[in-house]
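Below is one structure, written out as structure tokens; the observations come after it.
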Amino acid sequence: MSESRLQIAADSLGRCHFCGLVRPESGMVRHLQACASRRRHFHLPSTPATAASFHLIVTPCGSPRIWQHVEVPAHQSIAAFSDWLIRQWQLLPGGRLHIDKEQVHEQDIIEKLFVPGLIVRYESPSFCLDMQIISWYDGHSESEHTFLLMAQSLESPNKPTV
């Protein structure tokens, strides 16, 4: 994709799921990095193979006021990530992830494809999501090290405009 950054409304407000603080999206990355409640729940790596996570921001295409910050385990497959997106955004299956307009294979592992700054698109016949990888880090915010919603806009993600 030619964009270098997702188009998100800077004044769009959202809530941190760790501490409940409401902030504009423009400051949510900094808040999540410094959030004391998140730090109390943060788990350092126990084994290098399953320790890393990615921080992503997800927004429906053309809906700059609706967004989510999510933590994605680096060791998971694209298929597991797609399944989580379908449940999280109440989508019908049948979509595919694309990087630079190339379809990603479902068996691929996230850590082999994602790098900070990259924009990924999930497209189905009736809906699309744009996602930007914000950062990569050792550790995770949930004991089971699964996909985690860290913050989201106050506007409902289940009523996107496409």
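The values are calculated or read from the model by the stated rules, or taken from the named source; none is laboratory data. Everything numeric here is computed off the predicted structure, so don't read it as measured data. Using ideal geometry, Cβ is built from the backbone for each residue, glycine included, and neighbour counts are taken over all protein chains shown. Just the protein is used for accessible areas: all its heavy atoms, side chains included, with ligands, DNA and RNA removed. Shrake-Rupley method; radii C 1.70, N 1.55, O 1.52, S 1.80 Å.
Taking Rh as the Kirkwood radius computed over C-alpha pairs, what is the Stokes-Einstein D of the chain at 4 °C in a medium of viscosity 1.567 mPa s, expressed in µm² per second?
This corresponds to a translational diffusion coefficient of 82 µm²/s.
What's the magnitude of the charge dipole for the chain around its Cα centre, counting Lys and Arg as +1 and Asp and Glu as -1 at the beta-carbon? Answer in Debye, nearest 20.
500 debye
What whole-number distance in Å separates the alpha-carbon centres of region 24-39 and region 65-107?
23 Å
Just to confirm, what accessible area per residue do you get for region 34-115 at 1.4 Å probe, in whole Å²?
Roughly 50 Å² per residue, with all protein chains present.
Of the accessible area of region 6-97, with the probe set at 1.4 angstrom, what percent is carbon plus sulfur?
Of all accessible area on region 6-97, carbon and sulfur atoms account for 54 percent.
Starting from region 43-105, pick out the trypsin sites (Lys or Arg not before Pro) whose DSSP state is loop and whose Cβ has at most 13 other Cβ atoms within 10 Å.
On the way: sites: Arg65, Arg87, Arg96, Lys101; in loops: Arg65, Lys101.
In loop regions of region 43-105 (DSSP not H, G, I, E or B), the sparsely surrounded trypsin sites (Lys or Arg not before Pro) are Lys101.
Among Phe114, Ala9, Ser141, whose Cα lies farthest out toward the positive end of the dipole of the chain, if unit charges sit on the beta carbon of Lys, Arg (+1) and Asp, Glu (-1)?
Ala9
Rounded to the nearest 10 Å², what accessible area does Arg5 have for a 1.4 Å probe in the complete protein model?
Answer for Arg5: close to 150 Å² accessible.
Rg and Dmax of region 74-162 over Cα atoms: what are they, in angstrom?
13.2, 36
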